1. Just one of the numbered conditions (1) touching a residue at least 60 places away in the same chain (Cβ under 8 Å); (2) of a type in the set (A, V, I, L, M); (3) more than 26 Å from PRO490 (Cα to Cα) is not true of LEU595; which one?
2. Hey, could you check region 608-640 for residues that are at pLDDT below 95 and polar (S, T, N, Q) and say which is surrounded by the fewest Cβ atoms within 10 Å (Cβ to Cβ)?
3. Among (1) surrounded by fewer than 17 Cβ atoms within 10 Å (Cβ to Cβ); (2) closer than 30 Å to ARG233 by Cα; (3) more than 27 Å from the chain's Cα centre (by Cα), where does ASP401 come up short?
4. Any chance you could count how many residues in region 391-441 are in a loop (DSSP other than H, G, I, E, B), of a type in the set (A, V, I, L, M) and farther than 22 Å from LEU509 by Cα?
5. Look at ILE308 and say whether it is part of a strand (DSSP E or B) and modelled with pLDDT of 85 or more.
6. Could you list all residues from region 627-649 that are in a strand (DSSP E or B) and β-branched (Val, Ile, Thr)?
7. Looking at region 385-401 only, could you name the residues that are touching a residue at least 12 places away in the same chain (Cβ under 8 Å) and over 17 Å from LYS430 (Cβ atoms)?
Amino acid sequence: MADFPSNTDMATLLVSTSLAGQIQNIRLPSITNARNELNSGGCAPVCQLAYKRCFSSLSAPLLCALLRAQTEILDSNIKIGKFIELGLSYVKVTVLTQRSQKGEKPKKGFFAVLGINTLENVRQKGPQTKAFREKLKAVSDNDRKGFLEGYMAALDYSNEQKQKRSLVRTVLFSATVVGLGLYIIFKSFGIPQASLFTSVEEVDPEVIGVTFKDVRGVDEAKSELRGIVSYLRDPERYTQLGARLPKGVLLVGPPGTGKTLLAKAIAGEAQVPFFQASGSEFDELFVGQGARRVRDLFARAKEKAPCIIFIDEIDSVGSKRVADAMHPHANQTVNQLLSEMDGFNTNDGVIVIGATNRVKDLDPALLRPGRFDVQVQVPYPDLEGRKEIIQLYLSRISINDDVNEDVLARGTTGFTGAEIENMINQAALKAAGDGFVKVTMAHMEEAKDRVMMGPARIRGRLPDEEANRITAFHEAGHTLVSIYTKHAIPVHKVTIIPRGGSLGHTSMLPQKDEYHVNRAQMLAQLDTLMGGRVAEELIFGPEKVTTGAADDLKKATDLAKKMVRTFGMSDKVGLRIADDESRSLIVENQLSPPLSEIIDKEINRFLKESYERAKDILIKHKKEHELLAAALLEYETLSIDQVKELLQNGRLLPHASGKQEESKSRKSSMRYIYKNPNVIIAPIDETISKEERQI
């Protein structure tokens, strides 16, 4: 700086100050390039750039000298290190400072690097400040203008670049947050990636491969649906007579009875396009998506008319509408479905088949004529229906000659078609696992019990012989009371092998399905239920009765309540329904206290009289009771034929005992436990589950 003319000191100050601001806002080149420029006699590119932007009013020779001097200062006092920030390469500038011996604070910033601490002096009060201001007065207007231009240009350029970088960072950050949020939402709710843009796929009827021949056990439903097939094959025959063609068919029935199979059979018989969807597919996360999917489905179906739209579990999409201010768009999907089925736009040739087991939850507008014109009931199959289903699935596997279709049909009361298919498949798996080439009756019985009650205990009876003895007398009590009680359901098998939550089991096998149950049959059922508890009391004493009869007592109490309250089988209560059981939160007892007392006494009377009748039977047949219990402890499982032989001869004949020994040697495939299909209660009260139809 000493080589400069004296009249240029102020210009040097202005240029250096502006350069300091410029250098902070310009991406610095490599220090190697700056040194190369210095060695070649030139100036650093960063300084040249600053000159071109800001100092056009100063003379070139003066600026050249100034720029070269500033380049030397940068080279000697600045360390430049590169680092990465937001994907861009910047130069990190580190200022070398030194502490004085007096402990002065090091100078900071680019002004200190350039040898200029003018701004610090300006902020302080003192002689230096006054001298600096005096020098500023002597600066020409051109120099002031050049400094101002340089400073403002640097400031504007810096702000512009910062705004651009800030905008880019904001956009990238927002896009990342939104994308991550959508990804988390889709994963949390199990939404497929393309669920917002997909529609229901069409199924080719030739691919379905199901006809009415493959549907068994629901003859009434098939007969009702044959008219739909006839219309789809020849719609003109109906329109010529002026008949309004049906728009919807609702299949109503318990799960597993064949509703979906019937819909496929209709498409297979009529050979028309088949659109299959589940009600839950219309329940989208975003508002309006469910209604859009309904529109798209019917739009595609109209293009393929005549065709079938099958909506499984339609109660998910067609449930009753609610007026909820918190969810004003909750009814859009069902409203769109109502409009598509019977709105201003016609959909001739499109038949909607819905399937549900909760018809009470559907919106009333969906059930009116013009939408679902026909309701087809698909109930549990009866005895003949079960036999047809068993024959159908048995024809698909290799079976032994001992498989009895009639016995299987009578022993599967309350089974659906899906459960029968599962039972036969389980039998085939068991036979293959045991190394058999054909499925035997033993495998079928084992599979039936497995479907009803769960797998049997692998090791057979319990290791506690006292517990086995109690179970043997308990089950023998049920068996004997049933055998010696008129109108009781015939016994089929009795066992003491634990299965599920039961330590033993007595299986009843009705001869036919009962649609009307009389008072004598119900009383016989009560007596049979009491047989286990009575047996424990007679053999082990009143103080040694166990909790094993808890389920029997519950079922007996429920049956006695229904006889008195619902079925009108008590002379004292009369021919009235006194069932005050309600599912509402506020229970209103409409029975007077005297009537409630009479009902309780009648229920207790039914139970007590049943207990006494069972007790009389077991006291009278005490020897048979002990003999049957001993046989159960030895053989674990006895059929009704073996029980009768034991009671008649006092022992099992060699061929029977030989069969039992064979069964004990092959425990995995020859142990049977039978469920009692309680047909006395089932036809009257369908709410009683299959698990409750056992003793």
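The values are calculated or read from the model by the stated rules, or taken from the named source; none is laboratory data. Since this is a predicted model, take the numbers as computed values, not measurements. Note that we place each Cβ from the backbone using ideal geometry, even for glycine, and neighbour counts take in every protein chain shown.
1. Result: LEU595 fails condition (1) only.
2. Per the criteria, the residue is SER639.
3. (2)
4. Number satisfying all stated conditions: 2.
5. Considered against the rule, which asks whether it is part of a strand (DSSP E or B) and modelled with pLDDT of 85 or more, ILE308 comes out as yes.
6. Scanning region 627-649 gives a single hit, THR637.
7. GLY385, ARG386, LYS387, GLU388, ILE389, GLN391, LEU392
Okay, residues lined up against (1) modelled with pLDDT under 80; (2) assigned by TED's automatic domain parsing to the domain that holds ILE420; (3) under 26 Å from the mean Cα position of the chain (by Cα):
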position: GLU236; (1), (2), (3): no, no, no
position: ARG244; (1), (2), (3): yes, no, no
position: LEU261; (1), (2), (3): no, no, yes
position: VAL272; (1), (2), (3): no, no, no
